Amino acid sequence: MRDLKFHPCGNYRESYREELTVFETDFGRLWMALGLAVLFGVVPWTTSPYMLYVINTIGIMAIAAIGLNILIGSTGLISLGHGAFFGVGAYAAGVLASSWNVPIYLAVPAAGIITALTGMIFGIPSGRLKGLYLAIATLAGQFIIEYVLVHWEDVTQGTMGITLPDPSILGVSLRGDRPFFFVIFIVLAAMTWMAVNIMRTRFGRAFVAIRDNDRAAEGMGIPVFPYKLLSFGISSFYAGIAGAIWAFYMISITAEPFTMMMSVEFIAMVIIGGLGSISGSILGAVFITMLNETLRWVTDILMNAGGLAGLELTLAPLRELAFGLAIVLFILFEPKGLAEIWRVVRSSFRLWPFSY
Amino acid sequence: MKSFRGEPEIYRQRDQGRTEAELEVKSLSLSFGGIQALSDIDMEVHTGELVAVIGPNGAGKTSLLNCMTGYYRPQKGRIIFNGKDVTRHSTHSLTRVGIGRTFQNIELFPGMTVLSNMMLGRHIHCRYGLIPGCFFSPSVRKEEIRHRRILEEIIDFLEMQAIRNKPVGSLPYGMRKRVELGRALALDPRLLVLDEPFAGMTLEEKEDMVRFLLELNAGWGQTMILVEHDMSIVMSISTRVTVLNFGEKLAEGTPEAVQSDPKVIAAYLGGGQENGNGLSRDNGLQADIG
């Protein structure tokens, strides 16, 4: 067996293969393994059903946020339609499962592919538009998709929504929070790993090149427009997978949640988590979902406290306010997001007690 | 003085067919609205040559290079590379044909390290697809390692070992120019197009750069086109020189022939008819005073 590496005081790598590893040290690998063991071994068995529901929501949002981060953080293209793509994934899975009885393990990837194609269509304006103009173009995509989801009644059953059949894998019924916890987090782990791999191969490098300097990227032989479309495709694929799992988890879906607000939430996750950082997307999803739940809890308490019932309307925008505040504070004080905070904390642990 | 260095793999592996770089520019014209940037330029570059393009500011040197590398679309004329008409090719497909370039105002990817920047030069040589890439399959790993080895040889050649993991944004200007050359070499181009590789460099940096270019050209037969303002360098290293002025070709030939061409001297020193007029006016003035 090779020597295990904890914190070497210099670069002792001996082959290019060692330079390609995801974790710099075996210490990192150990923590990862421990984290996964706790996640799958302890969390689903010890938490309350409500907490498990929150954790599951975090997992689903994290999948979608990773996808959006590849688009916004790595490729530098803004999309305001991610919530709608999430909805496309949910509806695709819903239609496939309810009308054709497609099992969950086929419906979810199929929904991902359908959403990826949709995303690529709405990514076409990126060939000509940049920055703010592209944001507006994708905003149009958001409203078009919302409209279609409500009005294409033959397929989506309009405002009635779709009820999905009980999903099962190999005869084992998946119902309730705990089985879904495993589905969600196994998919999240796999999708995270795939995102890490995409970012360290030529595709990820091409995305970052397009973000940093598209003129030079073209000069390096990267066809910029197809790669922008590919980035839209990958990001929507993630949104589609997340949406499909969400649809199975929620049992019945309507077009209501897939609004502009959801898209903004995804963008908040990416910015607060850290642009261009995969771990940051997950941290952002944790932060935003927890913020949502905390705010709901706070408003509930305030409304139930005697004599405050009349404040209902005043408190309603509290959520949006807290959202905006969180984004502004992060942009001001830690533009690199939670991922950077996490890095600083980690390295201060590593260097303790000689941090200077 | 440098010790012996091995020939980088990309040159070691080149056979006769891979080095061939015959560029032919035929009556090329380019205009932006009313401004005629290039008019009827003819130019030839043969395998193994180092051709310099010189001319005063605004002569159209960079425009010519941008036409060759697909950034500008000429209105008239043709560019033929190795017998293939590449006039209408897009920039990214031209790199696959074998034309690699550096830029006048460094166009690196500032957030990335030197290695990642150069790895982008290998983009067109990576052959794996998206699905194996997602899973980082053994074949992908093998290919990444192969490209890394090629890059390390270029890094060795350009003496950039100490900075390979530094972000490009933190490097001094001369070093960035060198990274850009390294990135262009990683493309493994048949024809290397260099837009002012010596601009803004100190004397030492220029000397290093000249050494690299000479070794590439004379040692390993890399064909190059070079745009440069530093006449002492141009005249001492190039095989042939093309002189442009106001979008027209003034002269072409060996450095010695070009240097003694009266039209070139006139363009650079402002001589000929115009100078004569000025002189006579001057005389007139003197007469007035007198």
*Which of the residues that make up the stretch A:183-210 are facing another protein chain (nearest Cβ under 9 Å) and either of a type in the set (A, V, I, L, M) or not in a helix (DSSP H, G or I) (or both)?*
A:M194, A:A195, A:V196, A:I198, A:T201, A:A206, A:V208, A:A209
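Given the criterion within 14 Å of chain A (Cβ to nearest Cβ), buried (at least 22 other Cβ atoms within 10 Å of the Cβ), modelled with pLDDT of 90 or more and in a loop (DSSP other than H, G, I, E, B), identify the matching residue among B:L108, B:L65.
B:L108
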*Give just the number: which of (1) of a type in the set (D, E, K, R); (2) touching a Phe, Trp or Tyr at 6+ places or on another chain (Cβ under 8 Å); (3) more than 9 Å from chain A (Cβ to nearest Cβ) does B:R148 not satisfy?*
(3)
*Which numbered condition trips up A:S98, out of (1) of a type in the set (S, T, N, Q); (2) touching a Leu at 6+ places or on another chain (Cβ under 7 Å); (3) more than 25 Å from A:G171 (Cβ to Cβ)?*
(3)
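In this structure, does A:G219 turn out to be within 13 Å of chain B (Cβ to nearest Cβ), buried (at least 21 other Cβ atoms within 10 Å of the Cβ) and small (G, A, S)?
Against the criterion (within 13 Å of chain B (Cβ to nearest Cβ), buried (at least 21 other Cβ atoms within 10 Å of the Cβ) and small (G, A, S)), A:G219 qualifies.
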*asked:* Being modelled with pLDDT of 80 or more and surrounded by 13 or more Cβ atoms within 10 Å (Cβ to Cβ) is true for just one of A:I288, A:I331. Which residue is that?
replied: A:I288
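One line per residue, one yes/no per condition, for (1) within 12 Å of chain A (Cβ to nearest Cβ); (2) over 26 Å from B:G70 (Cβ atoms); (3) buried (at least 20 other Cβ atoms within 10 Å of the Cβ):
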{"position": "B:R183", "(1), (2), (3)": "yes, no, yes"}
{"position": "B:A186", "(1), (2), (3)": "yes, no, yes"}
{"position": "B:L192", "(1), (2), (3)": "no, no, yes"}
{"position": "B:E196", "(1), (2), (3)": "no, no, yes"}
{"position": "B:T202", "(1), (2), (3)": "no, yes, no"}
*Test A:M250 against the stated conditions and say whether it is more than 10 Å from chain B (Cβ to nearest Cβ) and either surrounded by 24 or more Cβ atoms within 10 Å (Cβ to Cβ) or at pLDDT below 95 (or both).*
yes
*How many residues does the stretch B:111-141 contain that are facing chain A (nearest Cβ under 7 Å), of a type in the set (G, A, S) and out of contact with any Lys or Arg (no Cβ under 8 Å at 6 or more places or on another chain)?*
1
_Within the stretch A:175-205, considering residues that are within 14 Å of the chain's Cα centre (by Cα) and of a type in the set (F, W, Y), the one surrounded by the fewest Cβ atoms within 10 Å (Cβ to Cβ)_ = A:W193
*Could you please find all residues in the stretch A:313-328 being modelled with pLDDT of 80 or more and out of contact with any helix residue (DSSP H, G or I) (no Cβ under 8 Å at 6 or more places or on another chain)?*
A:L321, A:G324, A:L325, A:V328
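The values are calculated or read from the model by the stated rules, or taken from the named source; none is laboratory data. Fair warning: this is a prediction, and the values are worked out from it, not measured in the lab. Reconstructed Cβ throughout: ideal geometry from the backbone, glycine too, with neighbour counts over all protein chains shown.
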